1. Within the range 90-101, is there a residue that is on the phi > 0 side of the Ramachandran plot, more than 16 Å from the ligand (Cβ to nearest atom) and modelled with pLDDT under 95?
2. Please enumerate the residues belonging to the range 74-91 that are open to solvent by less than 30 Å² (accessible area, probe 1.4 Å) and over 13 Å from the mean Cα position of the chain (by Cα).
3. Is it the case, given these coordinates, that L14 is open to solvent by less than 20 Å² (accessible area, probe 1.4 Å), assigned to a helix (DSSP H, G or I) and in contact (Cβ under 8 Å) with a residue 40 or more places away in the chain?
4. Find the residue count for the range 151-166, including only residues that are among the small types (G, A, S) and near the ligand (Cβ under 8 Å from one of its atoms).
5. Within the range 25-44, can one find any residue that is touching a strand residue (DSSP E or B) at 6+ places or on another chain (Cβ under 6 Å) and of a type in the set (K, R)?
6. For the range 174-204, how many residues meet the condition of being open to solvent by 60 Å² or more (accessible area, probe 1.4 Å), touching a residue at least 24 places away in the same chain (Cβ under 8 Å) and within 27 Å of R91 (Cβ to Cβ)?
7. Restrict the check to the range 72-90 and report whether at least one residue is assigned to a loop (DSSP other than H, G, I, E, B) and either aliphatic (A, V, I, L, M) or without any contact (Cβ under 8 Å) to a residue 60 or more places away in the chain (or both).
Amino acid sequence: MSEAFHYPLRMGRLILLGMEEIIGRNGVHAALNLASHSEYINNYPPASSERSLPFKTISELHEALEQAYGPRGGRGVALRTGRAVFAYGLREYGSQLGLTEMAFRLLPLPTKLRVGGKALAELFNHQTDQVVRLEETEKSLLWHIERCPLCWERHSEDPVCHLAVGLLEESLYWLSGGKIFNVEETQCIARGDPTCTICIEKTPIT
Ligand SMILES: [Zn+2]
């Protein structure tokens, strides 16, 4: 039942705004047409916490980027969209998450990653029907998406949840004050894996 799980309208709006920053308004319109969601053309969802945007819609919109730009190009657009979405999301949710407070900013980096990751996971778990579980190993933080809107009802040979990777990359860049981390989706439900898992190496590359 794809209708059973939803994102708040506000997050759908953030995704479209983020996308618009990368491919422009016409690009978003083309993607909406490809996804058969022309009802959102010049009519983005409102900034409301009402949880009524189906996972299926998000998956179709995300997939439309691959249809429009090819698998490689679409991946790039989705990654960059994810980064832009984080910037918009921080404005909407940053103070609520406590991530913009001085006390948080003064924490050492490993603690910041842990606390920031937990706050972000809780945001998804509380405000959306997406389910995220964090796991920490010696070298990595594992962001397990147990119920994922990005690849909802999709089948693919390779991981496809690039928007989530971009979002996490940008959140890490921001949390660490400009460091780059290795972030990779290592498992994907679309490929038959039990979760969409994004592996974050705790030690930055630069
Ligand atoms: Zn996924």
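1. Step one: list which residues in the range 90-101 are on the phi > 0 side of the Ramachandran plot, which gives 98.
Those still in the list that are more than 16 Å from the ligand (Cβ to nearest atom) too: 98.
This time we only want the ones that are modelled with pLDDT under 95, so: 98.
Yes, there is a match, as at least one residue in the range 90-101 is on the phi > 0 side of the Ramachandran plot, more than 16 Å from the ligand (Cβ to nearest atom) and modelled with pLDDT under 95.
2. In the first step, residues of the range 74-91 are kept if they are open to solvent by less than 30 Å² (accessible area, probe 1.4 Å); the result is 74, 76-79, 81-82, 84-86, 89.
Across the range 74-91, the qualifying residues are G74, G76.
3. Numbers: open to solvent by less than 20 Å² (accessible area, probe 1.4 Å): yes; assigned to a helix (DSSP H, G or I): yes; in contact (Cβ under 8 Å) with a residue 40 or more places away in the chain: yes.
Considered against the rule, which asks whether it is open to solvent by less than 20 Å² (accessible area, probe 1.4 Å), assigned to a helix (DSSP H, G or I) and in contact (Cβ under 8 Å) with a residue 40 or more places away in the chain, L14 comes out as yes.
4. Residues in the range 151-166 being among the small types (G, A, S) and near the ligand (Cβ under 8 Å from one of its atoms): 1 in total.
5. For the range 25-44, residues touching a strand residue (DSSP E or B) at 6+ places or on another chain (Cβ under 6 Å) and of a type in the set (K, R): absent.
6. Count: 3.
7. Looking only at the range 72-90, we keep the residues that are assigned to a loop (DSSP other than H, G, I, E, B), and these are none.
The answer is no, given that none of the residues of the range 72-90 is assigned to a loop (DSSP other than H, G, I, E, B) and either aliphatic (A, V, I, L, M) or without any contact (Cβ under 8 Å) to a residue 60 or more places away in the chain (or both).
Yes or no, residue by residue, for (1) among the charged types (D, E, K, R); (2) surrounded by fewer than 16 Cβ atoms within 10 Å (Cβ to Cβ); (3) within 15 Å of the ligand (Cβ to nearest atom):
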{"position": "A103", "(1), (2), (3)": "no, yes, no"}
{"position": "G117", "(1), (2), (3)": "no, no, no"}
{"position": "E122", "(1), (2), (3)": "yes, yes, no"}
{"position": "P149", "(1), (2), (3)": "no, no, yes"}
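The values are calculated or read from the model by the stated rules, or taken from the named source; none is laboratory data. None of the values given here were measured: they were computed from a predicted structure. Using ideal geometry, Cβ is built from the backbone for each residue, glycine included, and neighbour counts are taken over all protein chains shown. Please note that ligands, DNA and RNA were not included when accessible areas were found on the heavy atoms of the full protein model with its side chains. Shrake-Rupley method; radii C 1.70, N 1.55, O 1.52, S 1.80 Å.
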